[in-house]
Every structure is written in C-alpha cells, then in structure tokens.
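Novice: Dumping the structure here so I can ask a few things about it.
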Amino acid sequence: MRPYLNIGRRIGQNLLAQDCLLCQAGSDGELLCRACAHELPSVASACPRCASPGSGNVECGACIADPPHYEASYTAFAYAYPLDALIQAFKYGGQLALAGLFARELHRRIGRALGPDLIVPMPLHPQRLAERGFNQAAEIAKVLSRLCGIAMDAQFARRVRNTAPQAALPWRERATNMRRAFACVRDLAGLNIAVVDDVMTTGATLNEFAHTLKRSGAARVENWVVARTTRGV
Ligand SMILES: [Zn+2]
Ligand SMILES: [Zn+2]
C-alpha cells in the first residue's frame, strides 16, 4: 500500500498525532518519523534566482535572458512524492501543524544569512480564503517570522483578481493570467521583502507579486517557498 493512503485516513483524527503521517511508525509525537523525514525530496542544485533545478547553483539561462522581478528564491524541497502528498494534506486536509515542519525546513535551508526587513505571505483572494478558511502561505509565514525574528505583515497586499487556478492553464498563459492580480497599500521604500509561499511552479505568480512590491518601492524581493516543481524546466 502506498503511504499516501495513510494521510487520508489520518485526516480528521485528533490533532495529537503520535505516529508518522506517512508510514504510521512511532515518531515520538513528531509529524514524521526520522526515516520519512530523511527521505523528503530535496533539490541538489538550483538557480539561485528562480530555484529551477539542475543549473549547478548558477543563474539559469531563462533568468539571464529575461530577469524576473525578484532577486532570489529559496526552496526547502522538490515538489515530488511524498512531499506533494504532505502539501495536499496541509492545504486540503486540515493538517495545519505541517506549517511548523515546512517553516523549520525552510529556515534551515535559508540559514543565518538573513537580510529581509519584512516577511509577507502570498495573498489569497478573499473568496478563496473564505472557501479554505485559512491562507496556507500565512500559516507558514507566521512560524518563519517567529523563527527568524523578522516581522510579518499580511495586511498591506491583497489579491484583487480571483484569477483562474494556474494549474488549469498552459504554462505560456500563466504570466498573462496573473497580470495586475495584486494591489499593495503600503509604502515599501527601501525595504527588503521575503515572500512566503507553499509551491513554486513557473514562478509567474511570485514574479507578478514581486513586480507589485517593487512598484510600491521595495528594494529587493526574495521568495521563500516550501517546494519547487521539477518538471518542464
Ligand atoms: Zn514514517
Ligand atoms: Zn533562474
């Protein structure tokens, strides 16, 4: 049996999970046992700007040819099994405690060379927020704010257009779909901003958001994202 199935069974059970979410082995009260935590898929080498894998830790051709509005991207994991199942359990299965695990792993990846003045979660459109009940990026950002000792502000940026889900669109249409999707009501002059999100695919959403933050004066924008997709790049 694929361990994925265990997640579905665990959802809805009490929040005092004693066993590993993935394999149900004893985990000393942690969400994952050591073996499963060790096997989460990492990205060996990636473009420091867009986090696309396989570029040998130097800026990739796409970023050189058409630089994105953000300066850097940090990711904790590759968006592959079983991390994808954990993200699904987090977003749609009510496993909000996973925000802590994701944030700790991201924090470890980012390390001590922290420059941002402000942490900002990727905004969710109010309609989606009402449907889901929480903004998954804000849950992760809250923990990161505590771990890093950097203030979080989730109020000044809004999603003003309820865009079609990016996953439903061909990649080349995703940038167009996101155009003018955000509004920012705070003067960010000279600030270094860290944007927190759960999954980065083409980077079109993060790029449009970075563009919005730069138009409001942000000096530098970097992305802190739990998982980066590895296909099609
Ligand atoms: Zn396990
Ligand atoms: Zn790149």
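Bear in mind that the values in this text are calculations on the coordinates, not laboratory data. Just so you know, these numbers come straight off a predicted model, no measurement behind them. When we count neighbours, we look across all protein chains shown, and the Cβ atoms used for this are built from the backbone with ideal geometry, even at glycine.
Novice: Restricting to the chain, what percent of DSSP beta bridges are antiparallel, rounded to 5?
Specialist: 20
Novice: Hey, with R₀ at 41 Å, roughly what FRET efficiency would Thr176 and Arg34 work out to, going by the Cβ-Cβ distance, to 0.05?
Specialist: Calculated transfer efficiency: 0.35.
Novice: Please express the Cα-Cα pair-distance distribution P(r) of the stretch 100-233 as a list of whole percents, one per 10 Å bin, running from 0 to the bin with the greatest distance.
Specialist: 12, 44, 36, 8
Novice: Using modelled amide H (1.01 Å from N, peptide plane; none on Pro or chain starts), what sits under 5 Å from the amide H of Phe182, excluding residues fewer than 5 places away?
Specialist: Residues meeting the amide H criterion: Val160.
Novice: Report the gain in length on full extension from Leu147 to Arg132: 0.36 nm times residue separation, minus Cα-Cα distance, nm rounded to one decimal. It would help to have the intermediate numbers written out before the result.
Specialist: Numbers: separation 15, 0.36 × 15 = 5.40 nm, distance 2.55 nm.
Result for the pair: 2.8 nm of gain on full extension.
Novice: Same structure, new question: Are there chymotrypsin sites (Phe, Trp or Tyr not before Pro) in the stretch 22-92 that DSSP marks as loop and that have at most 14 other Cβ atoms within 10 Å, and which are they?
Specialist: On the way: sites: Tyr70, Tyr74, Phe77, Tyr79, Phe90, Tyr92; in loops: Tyr70, Tyr79.
Hits after loop and neighbour filter: nothing returned.
Novice: Next question, about the same structure. Hey, what angle do you get for helix 136-148 against the long axis of the chain, alpha-carbon based, 0 to 90 degrees rounded to 10?
Specialist: Roughly 90 degrees, rounded to the nearest 10.
Novice: If you split all Cα-Cα distances of the chain into 5 Å bins from zero, what percentages do you get per bin, shortest first?
Specialist: That works out to 1, 7, 14, 18, 20, 18, 12, 7, 3, 1, 0, in percent per bin.
Novice: With labels modelled as points extended 7 Å from the Cα through the Cβ direction, what inter-label distance (nm, one decimal) is found for Asn57 paired with Arg215?
Specialist: 3.7
Novice: What FRET efficiency would be calculated for the residue pair Ala25, Arg109, taking the C-beta separation as r and a Förster radius of 30 Å, to the nearest 0.05? Mind showing how you got there, number by number?
Specialist: Details: r = 25 Å, r/R0 = 0.84.
Once rounded, the FRET efficiency stands at 0.75.
Novice: So what's the net charge close to Tyr70: Lys and Arg +1, Asp and Glu -1, counting the other residues with Cβ under 14 Å from its Cβ?
Specialist: Numbers: positive: Arg49, Lys214, Arg215, Arg220, Arg228; negative: Glu59, Asp66, Glu71, Asp197, Glu208, Glu222.
Result for the neighbourhood of Tyr70: -1.
Novice: Quick check: residue separation of Ala164 and Ala183 times 0.36 nm, minus the Cα distance between them. What number comes out in nm?
Specialist: 5.1 nm
Novice: Let me ask something else about it. Mind putting a number on the dipole of the chain about its Cα centre? Charges go on the C-beta only, +1 for Lys and Arg and -1 for Asp and Glu, and I need it in Debye to the nearest 20.
Specialist: Values: 27 positive and 19 negative charges, 85 e Å.
Rounded to the nearest 20 debye, it is 400 debye.
Novice: Normalised by the number of residues in the chain, what is the relative contact order in percent for Cα pairs under 8 Å and 6+ residues apart?
Specialist: Details: 425 pairs, mean separation 48.7, N = 233.
Computed over the chain, the figure is 21 percent.
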